[in-house]
Amino acid sequence: MYIFGQPVLRKKTEDIQPDYPELKELISNMFETLDHADGVGLAAPQVGLSISLVVIDLDVVSEDLPEYKGFRKAFINPEITQFSEETTSMEEGCLSIPGIHESVKRAKKIHVKYLDEDFNQHEEDVDGFLARVMQHEFDHLDGKMFVDRLSPFRKQMIKSKLAAMVKGKFNCDYKHKPNRR
(Lines give C-alpha, C1' and ligand atoms only; values in the text may rest on other atoms or scores of the structure.)
Protein backbone atom coordinates (compact mmCIF):
# COMPACT_ATOMS: atom_id res chain seq x y z
CA MET A 1 0.00 0.00 0.00
CA TYR A 2 1.20 3.50 -0.76
CA ILE A 3 2.34 5.67 2.11
CA PHE A 4 0.90 9.12 1.75
CA GLY A 5 0.77 12.18 3.96
CA GLN A 6 3.16 12.63 6.82
CA PRO A 7 5.07 9.55 8.10
CA VAL A 8 3.54 10.14 11.56
CA LEU A 9 0.24 8.89 10.11
CA ARG A 10 1.69 5.36 10.05
CA LYS A 11 3.05 5.30 13.61
CA LYS A 12 1.40 4.27 16.86
CA THR A 13 0.98 7.31 19.08
CA GLU A 14 2.15 7.85 22.66
CA ASP A 15 -0.16 8.53 25.59
CA ILE A 16 -0.44 12.08 26.86
CA GLN A 17 0.50 12.88 30.45
CA PRO A 18 -1.26 15.58 32.51
CA ASP A 19 1.80 17.83 32.25
CA TYR A 20 1.74 17.88 28.42
CA PRO A 21 2.63 21.47 27.51
CA GLU A 22 -0.19 23.76 26.34
CA LEU A 23 -2.64 20.89 25.83
CA LYS A 24 -5.78 23.03 26.03
CA GLU A 25 -4.35 25.39 23.41
CA LEU A 26 -3.53 22.42 21.17
CA ILE A 27 -7.08 21.11 21.52
CA SER A 28 -8.46 24.55 20.68
CA ASN A 29 -6.19 24.76 17.62
CA MET A 30 -7.27 21.30 16.47
CA PHE A 31 -10.93 22.32 16.70
CA GLU A 32 -10.11 25.48 14.75
CA THR A 33 -8.39 23.37 12.08
CA LEU A 34 -11.42 21.09 11.95
CA ASP A 35 -13.72 24.12 11.65
CA HIS A 36 -11.94 25.11 8.43
CA ALA A 37 -12.06 21.63 6.90
CA ASP A 38 -14.90 19.48 5.67
CA GLY A 39 -14.74 16.84 8.39
CA VAL A 40 -16.11 15.76 11.74
CA GLY A 41 -12.98 14.47 13.43
CA LEU A 42 -9.27 15.13 13.63
CA ALA A 43 -6.54 13.04 15.24
CA ALA A 44 -3.21 14.46 16.43
CA PRO A 45 -1.19 12.50 13.81
CA GLN A 46 -3.13 14.38 11.13
CA VAL A 47 -1.53 17.59 12.39
CA GLY A 48 1.92 16.02 12.68
CA LEU A 49 1.88 15.00 16.36
CA SER A 50 2.43 11.43 17.52
CA ILE A 51 0.22 11.72 20.61
CA SER A 52 -3.07 10.06 21.56
CA LEU A 53 -5.50 12.91 21.06
CA VAL A 54 -8.66 13.17 18.95
CA VAL A 55 -11.21 15.96 18.59
CA ILE A 56 -14.70 15.26 17.25
CA ASP A 57 -17.33 17.82 16.28
CA LEU A 58 -20.67 16.27 15.33
CA ASP A 59 -22.60 19.50 15.75
CA VAL A 60 -21.90 20.05 12.03
CA VAL A 61 -24.17 17.09 11.17
CA SER A 62 -26.89 17.93 13.71
CA GLU A 63 -29.30 19.19 11.05
CA ASP A 64 -29.53 15.61 9.75
CA LEU A 65 -28.70 13.91 13.07
CA PRO A 66 -30.26 16.12 15.79
CA GLU A 67 -29.02 13.86 18.60
CA TYR A 68 -25.54 15.33 18.01
CA LYS A 69 -26.54 18.97 18.48
CA GLY A 70 -23.74 20.62 20.47
CA PHE A 71 -21.49 17.54 20.42
CA ARG A 72 -17.91 18.80 20.39
CA LYS A 73 -15.42 16.84 22.46
CA ALA A 74 -11.75 16.01 22.92
CA PHE A 75 -10.63 12.45 23.66
CA ILE A 76 -7.27 11.95 25.37
CA ASN A 77 -5.63 8.51 25.36
CA PRO A 78 -8.80 6.88 24.02
CA GLU A 79 -9.16 3.15 23.76
CA ILE A 80 -11.85 0.95 22.31
CA THR A 81 -12.14 -1.99 24.67
CA GLN A 82 -14.95 -3.86 22.96
CA PHE A 83 -16.43 -4.11 19.46
CA SER A 84 -19.86 -5.54 18.71
CA GLU A 85 -20.02 -8.46 16.32
CA GLU A 86 -22.75 -6.64 14.41
CA THR A 87 -21.27 -4.43 11.70
CA THR A 88 -22.48 -1.80 9.30
CA SER A 89 -21.00 -0.36 6.13
CA MET A 90 -20.90 3.32 5.27
CA GLU A 91 -18.95 5.56 2.93
CA GLU A 92 -16.02 7.27 4.65
CA GLY A 93 -13.54 9.90 3.64
CA CYS A 94 -10.55 11.36 5.45
CA LEU A 95 -8.97 14.79 5.65
CA SER A 96 -5.60 13.06 5.20
CA ILE A 97 -6.69 11.46 1.92
CA PRO A 98 -8.69 14.18 0.15
CA GLY A 99 -11.05 13.19 -2.62
CA ILE A 100 -11.27 9.48 -1.81
CA HIS A 101 -14.47 8.08 -0.36
CA GLU A 102 -15.07 4.36 0.04
CA SER A 103 -17.48 2.07 1.84
CA VAL A 104 -15.96 0.74 5.07
CA LYS A 105 -17.34 -1.96 7.37
CA ARG A 106 -17.10 -1.19 11.09
CA ALA A 107 -18.59 -2.42 14.35
CA LYS A 108 -22.02 -0.97 14.99
CA LYS A 109 -21.36 -0.56 18.72
CA ILE A 110 -18.20 -0.06 20.76
CA HIS A 111 -17.16 0.38 24.36
CA VAL A 112 -14.64 3.19 24.89
CA LYS A 113 -12.42 4.51 27.66
CA TYR A 114 -10.84 7.97 27.46
CA LEU A 115 -9.79 11.03 29.40
CA ASP A 116 -11.38 14.45 28.93
CA GLU A 117 -9.49 17.77 28.82
CA ASP A 118 -9.30 17.83 32.62
CA PHE A 119 -7.99 14.23 32.73
CA ASN A 120 -11.22 12.84 34.15
CA GLN A 121 -11.70 9.25 33.07
CA HIS A 122 -14.81 8.22 31.14
CA GLU A 123 -16.07 4.85 30.04
CA GLU A 124 -19.14 4.41 27.86
CA ASP A 125 -20.99 2.37 25.27
CA VAL A 126 -21.30 4.15 21.94
CA ASP A 127 -23.29 3.29 18.82
CA GLY A 128 -24.42 4.82 15.56
CA PHE A 129 -22.57 7.53 13.70
CA LEU A 130 -20.45 8.50 16.72
CA ALA A 131 -19.16 4.91 17.02
CA ARG A 132 -18.11 5.02 13.36
CA VAL A 133 -16.36 8.38 13.71
CA MET A 134 -14.55 7.22 16.87
CA GLN A 135 -13.34 4.05 15.16
CA HIS A 136 -12.10 6.05 12.16
CA GLU A 137 -10.28 8.67 14.25
CA PHE A 138 -8.93 6.23 16.85
CA ASP A 139 -7.48 4.15 13.98
CA HIS A 140 -5.18 7.13 13.28
CA LEU A 141 -3.73 6.70 16.78
CA ASP A 142 -2.65 3.17 15.82
CA GLY A 143 -1.09 4.25 12.52
CA LYS A 144 -4.03 2.98 10.47
CA MET A 145 -6.10 4.71 7.82
CA PHE A 146 -9.52 3.87 6.47
CA VAL A 147 -8.07 2.66 3.15
CA ASP A 148 -6.32 -0.11 5.11
CA ARG A 149 -9.78 -1.55 5.75
CA LEU A 150 -10.65 -1.84 2.06
CA SER A 151 -10.68 -5.11 0.14
CA PRO A 152 -7.67 -5.83 -2.09
CA PHE A 153 -9.91 -5.18 -5.10
CA ARG A 154 -10.97 -1.71 -3.86
CA LYS A 155 -7.35 -0.88 -2.97
CA GLN A 156 -6.35 -1.77 -6.52
CA MET A 157 -9.15 0.44 -7.88
CA ILE A 158 -7.85 3.54 -6.03
CA LYS A 159 -4.14 2.74 -6.47
CA SER A 160 -3.56 5.43 -9.11
CA LYS A 161 -5.27 8.12 -6.98
CA LEU A 162 -3.08 7.19 -4.00
CA ALA A 163 0.04 7.20 -6.17
CA ALA A 164 -0.84 10.70 -7.40
CA MET A 165 -1.25 11.86 -3.79
CA VAL A 166 2.22 10.59 -2.93
CA LYS A 167 3.48 12.90 -5.70
CA GLY A 168 1.46 15.82 -4.30
CA LYS A 169 -1.16 15.76 -7.05
CA PHE A 170 -4.46 16.40 -5.29
CA ASN A 171 -6.77 19.27 -4.44
CA CYS A 172 -8.32 20.17 -1.13
CA ASP A 173 -9.88 23.27 0.39
CA TYR A 174 -7.75 23.25 3.56
CA LYS A 175 -4.08 23.66 4.39
CA HIS A 176 -1.87 20.60 4.31
CA LYS A 177 1.82 19.90 4.65
CA PRO A 178 3.72 18.59 1.64
CA ASN A 179 4.77 14.96 1.81
CA ARG A 180 8.38 14.71 3.06
CA ARG A 181 10.32 11.44 3.25
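Descriptive notes on the structure:
A quick yes/no check of all residues on (1) crowded, with 17+ Cβ neighbours inside 10 Å; (2) over 24 Å from Gln17 (Cβ atoms):
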position	(1), (2)
Leu42	yes, no
Gln46	yes, no
Ile56	yes, no
Ser62	no, yes
Tyr68	yes, yes
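- Of the residues contained in the range 22-34, none is found to be modelled with pLDDT of 95 or more, within 20 Å of Val112 (Cβ to Cβ) and open to solvent by 20 Å² or more (accessible area, probe 1.4 Å).
- Lone unmet requirement of (1) modelled with pLDDT under 90; (2) buried (at least 19 other Cβ atoms within 10 Å of the Cβ); (3) outside any helix (DSSP H, G or I) for Asn179: (2)
- Among the residues of the range 90-120, the one identified as surrounded by 19 or more Cβ atoms within 10 Å (Cβ to Cβ), part of a loop (DSSP other than H, G, I, E, B) and among the hydrophobic types (A, V, I, L, M, F, W, C) is Leu95.
- In a residue-by-residue description of the range 50-62, the property of being modelled with pLDDT of 95 or more and at positive phi applies to no position.
- Boolean, Lys108 is of a type outside the set (Asp, Glu), within 19 Å of Ala43 (Cα to Cα) and modelled with pLDDT of 95 or more: no
- Any chance Glu137 is among the acidic types (Asp, Glu) and surrounded by fewer than 16 Cβ atoms within 10 Å (Cβ to Cβ): no
- Residues that are outside any loop (DSSP other than H, G, I, E, B), farther than 21 Å from Asp125 by Cβ and not charged (D, E, K, R) are absent from the range 62-81.
- Residue match in the range 126-147 (condition: at pLDDT below 95 and in contact with a strand residue (DSSP E or B) (Cβ under 6 Å, 6 or more places away or on another chain)): yes
- Among the residues of the range 70-89, those identified as among the charged types (D, E, K, R) and either within 19 Å of Leu58 (Cα to Cα) or open to solvent by less than 60 Å² (accessible area, probe 1.4 Å) (or both) are Arg72, Lys73.
- Residue within the range 154-163 that is within 22 Å of Lys24 (Cα to Cα) and open to solvent by 10 Å² or more (accessible area, probe 1.4 Å) present: no
The values are calculated or read from the model by the stated rules, or taken from the named source; none is laboratory data. Only a predicted model underlies this, so the values are computations on that prediction, with no experimental measurement involved. Counting neighbours? That spans all protein chains shown, and the Cβs are built from the backbone with ideal geometry, glycine included. Quick note on the areas: whole protein, heavy atoms, side chains included, nothing else; ligands and nucleic acids left out. Shrake-Rupley method; radii C 1.70, N 1.55, O 1.52, S 1.80 Å.
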